[in-house]
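**Q** Structure in structure tokens, see below.
The values are calculated or read from the model by the stated rules, or taken from the named source; none is laboratory data. Everything numeric in this text was worked out from a predicted model, so none of it was measured. Please note: Cβ atoms are built from the backbone with ideal geometry, for glycine as well, and neighbour counts cover all protein chains shown. Areas reflect the complete protein model, heavy atoms only, side chains present, ligands, DNA and RNA absent. Shrake-Rupley method; radii C 1.70, N 1.55, O 1.52, S 1.80 Å.
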Amino acid sequence: MLRHIPDCISPELLKVLHEMGHGDRIVIGDANFPAKSVSKGNMNIRCDGHRATEILDAILELMPLDEFVEKPVLIMDKSAQHKELETPVWDEFKNIVIKHNDKGEGMVGFIDRFAFYEEAKKAYATISTTEKAFYACIILQKGCL
């Protein structure tokens, strides 16, 4: 047993977070994200029963964000046909980043859905959650201690 490790962080995810180096990226995907096909050569970790927001909060409890890039947090942006769709999960994401980093919301950027998929292919690992909110996919870039 370990102390101060959030319950939603599995041993497999903890190992991945520890293995990642400065500049490596990890994707947190919602229930609709095609994690297995996007992460073909990379690791896909299942976190069934957990929201993307819960996983984000737990990861940022342990992992610093990269301060050498302008936006180490990238959220999948809405497609044109969904421009009117409300995405309250984005505010949750931003508030979690603010909670864990002094630079807060300034570290958060948005990326087109298909560009997100391309960036996700290059990630060190992908996490599959059962998050049901729309456009609740996010990429985190690891920083230094």
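**Q** Would you mind finding the longest exposed-site-free stretch of the chain, with exposed trypsin sites (Lys or Arg not before Pro) meaning DSSP loop and at most 15 other Cβ atoms within 10 Å?
**A** No qualifying site falls inside 41-82, the longest such stretch.
**Q** Which values of log₁₀ I(q)/I(0), to two decimal places, follow from the Debye formula for the range 1-76 at q = 0.14, 0.26 Å⁻¹ with a uniform point scatterer at every Cα?
**A** Reported log10 I(q)/I(0), two decimals: -0.48, -1.61.
**Q** Suppose we keep just the DSSP beta bridges with both residues in the chain; what percent of those would be antiparallel, to 5?
**A** Roughly 40 percent of the DSSP beta bridges within the chain come out antiparallel.
**Q** If you roll a 1.4 Å probe over the chain with all protein chains in place, what percent of the accessible area is carbon or sulfur? Provide the component values of the computation, followed by the final result.
**A** Numbers: 4110 of 7950 Å².
It is 52 percent, rounded to a whole number.
**Q** Further question: Quick one: if the Förster radius is 22 Å, what FRET efficiency do C144 and D112 give, using the C-beta to C-beta distance and rounding to 0.05?
**A** Calculated transfer efficiency: 0.15.
**Q** If you don't mind, there's one more thing I want to ask. Taking 0.36 nm per intervening residue step and subtracting the Cα-Cα distance, what contour gain separates V69 from K36 on full extension?
**A** Extra length available between V69 and K36 comes to 9.2 nm.
**Q** Please compute the net charge surrounding M63, taking Lys and Arg as +1 and Asp and Glu as -1 over other residues with Cβ under 14 Å from its Cβ.
**A** It works out to a net charge of -2.
**Q** List the chymotrypsin sites (Phe, Trp or Tyr not before Pro) within the range 58-122 that fall in a DSSP loop (any state other than H, G, I, E or B) and whose Cβ has at most 13 other Cβ atoms within 10 Å.
**A** Those satisfying the criteria are F68.
**Q** Okay, next question. Could you work out how far the C-alpha centroid of the range 62-97 sits from that of the range 6-41, in angstrom?
**A** Value for the Cα centre distance between the two parts: 16 Å.
**Q** Any idea how far apart D91 and D48 come out in nm if each label point goes 7 Å out from Cα toward Cβ?
**A** 3.2
**Q** Counting Lys and Arg as +1 and Asp and Glu as -1, what is the net charge of the other residues whose Cβ lies under 13 Å from the Cβ of A133?
**A** Net charge in that neighbourhood comes out at -3.
**Q** Okay, moving on. How fast does the chain diffuse by Stokes-Einstein, in µm²/s, taking the Kirkwood radius from C-alpha pairs at 4 °C and 1.567 mPa s?
**A** 86
**Q** Accessible area per residue of the chain at 1.4 Å probe, in Å²?
**A** 55
**Q** Give the longest segment of the chain that steers clear of GluC sites (Glu not before Pro) in DSSP loops with at most 15 neighbouring Cβ atoms within 10 Å, not counting the sites themselves. Working shown, then result.
**A** Details: sites that count: E67, E70, E84, E86.
So the longest stretch without any such site is 1-66.
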